[in-house]
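Bear in mind these aren't lab numbers, they're just calculated from the coordinates by the rules spelled out. In this text, all values refer to a predicted model and were calculated from it rather than measured experimentally. All Cβ positions, glycine included, derive from the backbone under ideal geometry; neighbour counts span all protein chains shown.
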Amino acid sequence: MKFIKYSGDKDALWKMINSDESFKTVSRDTANLINVVTKSGFKMSENEDVVDMCKAIMDIKEEGREEGNLTAIKNMIRNLKLTAQQAMDALQIPSAEQQRYLKML
């Protein structure tokens, strides 16, 4: 499976998914197999028969971005003695997202 082959190279994986129609959506069983073998961690709703792989990868990237921001906020609070608000402002986190980060702290 090409997805597994390219799972360690995000640029090659993204190029493959966007250039080959057969990889844009896959069956639930195929998505489960990919998830287990690559430890991708993408989520699927219970009622999905097919999975949009572009969306799944974008969701994974967004989760990684959130985790990175959250770690940075915590480090700035602990090491620089900033408030959460100051840390989020320094990281230029949009005000629309700040409440969500405050709940995760």
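What GluC sites (Glu not before Pro) in the chain are in a loop by DSSP, with at most 13 other Cβ atoms within 10 Å of the Cβ? Intermediate results must be reported in sequence, preceding the final value.
Details: sites: Glu21, Glu46, Glu48, Glu62, Glu63, Glu66, Glu67, Glu97; in loops: Glu46, Glu48.
Counting only loop positions with at most 13 other Cβ atoms within 10 Å, the GluC sites (Glu not before Pro) in the chain are Glu46, Glu48.
Which option, [x] 16.1, 55; [y] 20.6, 67; [z] 17.4, 50, is the value of Rg and Dmax of the Cα atoms in Å that was calculated from these coordinates?
It is the value labelled [z].
Report the calculated FRET efficiency for Leu105 and Met44 (r = Cβ-Cβ distance, R0 = 41 Å), to the nearest 0.05.
Details: r = 28 Å, r/R0 = 0.69.
Between Leu105 and Met44 the formula returns 0.90.
Hey, what do the phi angles of region 49-66 turn into as Karplus ³J(HN,Hα) couplings, whole Hz, using 6.51/-1.76/1.60 and θ = phi - 60°, x for Gly and Pro?
8, 10, 10, 7, 5, 4, 5, 4, 5, 5, 4, 5, 4, 5, 4, x, 5, 4
Once you've got the GNM for the chain with C-alpha springs shorter than 10 Å, pick whichever of Asp20, Asp52, Asp29 has the biggest mean-square fluctuation.
Highest fluctuation among the options: Asp20.
Arranged by the count of other C-beta atoms within 10 angstrom, fewest first, what order do Lys24, Lys61 take?
Ranked by crowding around the Cβ, least crowded first: Lys61, Lys24.
How far is it, in nm, from the label point at Arg78 to the one at Lys10 when both lie 7 Å from their Cα along the line to the Cβ?
Between Arg78 and Lys10, the simple spin-label model gives 2.3 nm.
Which is farthest toward the positive dipole end of the chain among Ser19, Gly68, Ala31, measuring Cα position about the Cα centre, with Cβ charges +1 (Lys, Arg) and -1 (Asp, Glu)?
Gly68
Just how large is the dipole of the chain about the Cα centre, in debye to the nearest 20, putting +1 at every Lys and Arg Cβ and -1 at every Asp and Glu Cβ? Can you show the working numbers first?
Values: 16 positive and 16 negative charges, 99 e Å.
With Lys and Arg at +1 and Asp and Glu at -1, about 480 debye.
Report relative contact order for the chain in percent, whole number only (criteria: Cα-Cα under 8 Å, sequence separation at least 6). Before the final figure, lay out each step's value.
On the way: 66 pairs, mean separation 20.0, N = 105.
Relative contact order of the chain: 19 percent.
Just flag the trypsin sites (Lys or Arg not before Pro) in region 76-105 sitting in loop per DSSP whose Cβ has no more than 16 other Cβ atoms within 10 Å.
On the way: sites: Arg78, Lys81, Arg100, Lys103; in loops: Lys81.
Counting only loop positions with at most 16 other Cβ atoms within 10 Å, the trypsin sites (Lys or Arg not before Pro) in region 76-105 are Lys81.
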